[in-house]
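Please read the structure below before turning to the comments.
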Amino acid sequence: MTSSIAQEKHNRTADSVELLYQNSFGGILICMLASTALVFAFPDSLVFETKMIWWAAMNTLMLIRLLDTLWWRKLNRESNYTLENPDFWLLRFRAGAILTALFWGAFGAIVMQRMGDVEFVTTVIILSSLAGAAPTPLSADKLLAIFYSALLILPISVAGVLGPDYMRQVLGALGIFFAFTMVFSALKITRFTQDAISLKHKNLDLLDQVSNDKKTLAEKNALLESSYKEINAIKNGLEIEVEKRTEELRTLSEQDGLTGLLNRKAFVKRLQSFLQSDLSNYGDCAIIFIDLNKFKIINDMQGHGIGDRVLVEVAKVLRTLPGEPTVCRWGGDEFVMFIDVNGTQLTLELCELINAEIASANQKLGLDVSASLGVAFAPTQGHVAEELIKLADVAMFQHKQAPNQSSAVVFEARFLSALERAETLRAGLNNAIANNELSLVFQPIYNLDSGSIESYESLLRWHFLNEVIEPEEFIPLAEQTGVVYEVGLWVIARATEHMKASSTLSSTRLAVNVSVKQMNHPNFARDVMRVLNDVCFSAERLHLEITESIFTNDPSAMLGNLSQLRSTGVTFGLDDFGTGYSSMVQLQALPFSSIKIDKRFVHDIDGSGGAIVKSIVLLARELGAEVVAEGVENHRQLDRLYELGIRRIQGYFLAKPQKQVAPDLKAPVIFDSYKSFRSFP
């Protein structure tokens with residue numbers, strides 16, 4: 001008995017070591033990158049030399065751990081070395097991980113007092129991200145999973161709380177709270193991992209036991225036919241145990257691993273079974289499709305640890321709703337449920353409750369979380385589970401387009417026409433260039449100091465189905481189908497040809513909008529330079545504008561294209577600034593030479609928009625970027641923008657988009673009046 005227990009402990013330790021070492025590569029590389037970023041992103045720090053010493057020590061430790069991992073893999077591949085000596089390897093791994101955590105904690109505590117505010121906030125964010133990501137890869141060892149995250153974030157948090165700066169005290173308090181939260185999260189994750197390891201060995205033991213007993217049964221049947229009943233009873237008992245274990249595995253196979261809700265396959269099966277039953281004793285069956293708004297931004301900005309906690313909180317809300325609904329995690333940040341409910345009004349009230357409870361449950365995480373909800377009813381709108389879920393999904397998309405109009409959107413047949421139109425447009429986009437359906441117009445950007453045109457922005461138009469399709473409608477569809485890359489190169493080629501054709505515009509610059517999809521294409525820089533060479537258009541005259549959606553993606557994928565094009569003279573601008581979710585760290589790192597203020601703030605220049613515009617101007621000045629204001633429609637807006645220090649203006653008040661560029665195009669009445677008031681030089 002003692003030997004069996006010892007062997008089980010030995011095997012579980014070996015499995016834990018294998019999980020830890022298999023998951024260690026990513027963590028080691030992230031630590032090396034994060035330490036390098038923290039040290040070299042702030043070279044003017046007062047303790048740069050100390051940081052350099054710390055960086056050298058940290059990366060030496062990471063190299064040692066990396067070599068240790070490679071050595072373990074070599075030995076484990078050549079022989080069953082880990083299984084023979086798992087306690088030794090577990091001790092080695094723990095030592096390396098704990099030393100890593102202590103190095104991080106020492107960095108925060110030692111350097112904190114002499115950090116600037118930006119460096120302090122950056123350090124807290126990075127340490128919090130590392131701490132949030134640590135419990136899952138370390139879940140095979142409870143000791144590491146619990147203490148690693150705490151050792152990362154507690155030293156700098158405690159130092160911040162004890163310091164004199166209020167902002168740092170607040171961040172320190174949040175860090176301490178986050179550290180204890182991660183401890184509880186680590187306990188839950190390690191319990192799940194250890195249970196999985198234990199279940200694995202139980203099933204292996206059970207299979208071995210079944211095999212051995214069957215062999216024994218065959219031998220005894222040959223020798224002792226008279227003992228058949230006794231042996232058969234043993235056999236039946238074992239089969240019952242196998243069935244019980246099989247049922248446990250079946251239950252696990254139907255559950256989502258993170259939230260414990262039904263997974264997609266199990267949910268569809270249950271919904272279809274319910275729809276095929278006698279529904280006369282029930283009211284309407286409401287199928288509700290739930291999609292969390294801007295969840296990707298939470299994941300990218302707060303880290304996947306926080307994102308997972310949001311999903312768990314939402315699952316708790318849905319599981320405890322009145323009426324005992326059947327709920328599933330459909331995938332990512334999407335949930336689906338069905339419930340017996342009487343009428344549309346009660347369903348909408350339930351949807352309102354869902355959104356309120358989701359918001360309330362996530363307030364403790366410091367997050368503003370809302371959801372878009374779509375509803376379909378059975379049997380009035382269908383009897384097939386997959387089709388009803390699709391209808392609810394379509395209704396949810398309608399709610400996402402206008403989230404403030406109601407608590408949810410109930411599917412209507414007219415929604416399908418919008419889907420059909422989208423499909424028609426997608427198909428048409430594939431032939432838009434070949435059918436000569438695309439055209440360009442050009443809108444000038446004026447310099448208020450000179451009153452002359454400084455550059456032109458090319459704007460794309462699509463003539464299809466006897467109407468002009470606006471870019472706001474067809475560009476997202478082009479991105480979905482992938483045709484946006486071909487269309488984007490066509491725009492650059494036609495716009496540069498048009499500008500090149502006017503000999504009087506040899507110094508006027510050209511602004512072209514490009515999407516994040518284009519910037520992520522591996523051949524984008526090469527293809528743009530090929531177009532410029534074919535047209536003989538100077539790269540210094542080309543200005544590419546990208547929207548703030550760049551910050552909701554990993555910018556590393558497009559940095560190569562940015563770097564290559566910038567080295568040739570192409571400049572980049574940030575378009576529609578203020579409408580998205582900019583990362584200040586990424587904004588500082590990416591090479592933007594201009595920031596264009598979204599027209600919504602210009603239109604509200606005398607309200608809250610004025611304060612936002614002023615803040616953008618100050619930010620751009622610190623970053624060394626020019627500011628362009630678009631959507632100027634009256635003299636008052638022009639006057640306020642000038643007062644705020646903005647000299648580059650675009651809008652209908654000065655000039656509408658034109659099919660042809662006009663080198664002598666000015667707004668004489670506007671500028672004469674404006675110069676006399678402002679005394680333009």
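Hey, any idea what % of the range 82-202's accessible area is carbon plus sulfur with a 1.4 Å probe? The nonpolar share, carbon plus sulfur, comes to 73 percent.
Once you've got the Cα coordinates, tell me which of K296/K400; K244/K316; K200/K265; K269/K390 are over 18 Å apart.
Working: K296/K400 15 Å; K244/K316 28 Å; K200/K265 24 Å; K269/K390 15 Å.
Too far apart for the 18 Å limit: K244/K316; K200/K265.
The residues of the chain expose on average 50 square angstrom of accessible surface per residue, using a 1.4 Å probe on protein heavy atoms. Between I125 and D449, the contour length at 0.36 nm per residue exceeds the Cα-Cα span by 112.4 nm. Computed from the C-beta positions of E49 and A106, the FRET efficiency with R₀ = 22 Å rounds to 0.90. With all protein chains in place and ligands, DNA and RNA left out, the 1.4 Å accessible area ranks H635, H463, H304 as H304, H463, H635, largest first.
Along the chain, the longest continuous region that contains none of the GluC sites (Glu not before Pro) in a DSSP loop with at most 14 other C-beta atoms within 10 Å is 1-411. Note on Q480 and Q660: the extension gain reaches 61.7 nm, defined as 0.36 nm multiplied by sequence separation minus the Cα-Cα distance. Of the listed values [x] 1.09; [y] 0.96; [z] 1.04, grab the one calculated as Rg/Rh (Cα atoms, Kirkwood Rh) from the structure here. Read-out from the structure maps to [z].
A simple charge model with +1 on the Cβ of Lys and Arg, -1 on the Cβ of Asp and Glu and nothing else charged puts the dipole of the chain at about 1260 debye relative to its Cα centre. Accessible surface of the range 355-483, 1.4 Å probe: 49 percent of it comes from carbon and sulfur atoms.
Over all pairs of different C-alpha atoms in the range 101-160, the reciprocal of the mean inverse distance, the Kirkwood hydrodynamic radius, equals 11.5 Å. Multiplying the residue separation of D368 and E437 by 0.36 nm and subtracting their alpha-carbon distance yields 20.5 nm. The sum of -39500 (n - 2.57) across all DSSP H runs of n ≥ 4, divided by the residue count of the chain, sets its helix-only mean residue ellipticity at 222 nm to -20500 deg cm²/dmol. Helix 166-223 and the longest principal axis of the Cα set of the chain meet at an angle near 40°. The angle separating the long axis of helix 228-253 from the principal Cα axis of greatest extent in the chain is about 10 degrees.
Going by accessible surface with a 1.4 Å probe and the largest first, F335, F397 read F397, F335. To the nearest 10, the accessible area of L174 is 100 Å² with a 1.4 Å probe. For the set H383, H543, H498, the ranking by accessible area, highest first and with no ligand, DNA or RNA atoms included, is H383, H498, H543 under a 1.4 Å probe. Among beta bridges identified by DSSP and lying wholly in the chain, the antiparallel ones come to about 60 percent.
The peptide list 297-303, 96-102, 286-292, put in order of mean Cβ contacts within 10 Å with the highest first, becomes 286-292, 96-102, 297-303. Can you tell me the FRET efficiency between K614 and Q272 if r is taken as the Cβ-Cβ distance and R0 is 51 Å, rounded to the nearest 0.05? The value I calculate is 0.30. Counting only alpha carbon atoms, the long axis of helix 2-22 and the longest principal axis of the chain meet at about 10°.
The values are calculated or read from the model by the stated rules, or taken from the named source; none is laboratory data. Since we're looking at a predicted model, the values are computed, not measured. Neighbour counts are summed over all protein chains in view; Cβ atoms, including those assigned to glycine, are modelled from backbone coordinates with ideal geometry. Keep in mind that these areas ignore ligands, DNA and RNA; they rest on the heavy atoms of the full protein, side chains included. Shrake-Rupley method; radii C 1.70, N 1.55, O 1.52, S 1.80 Å.
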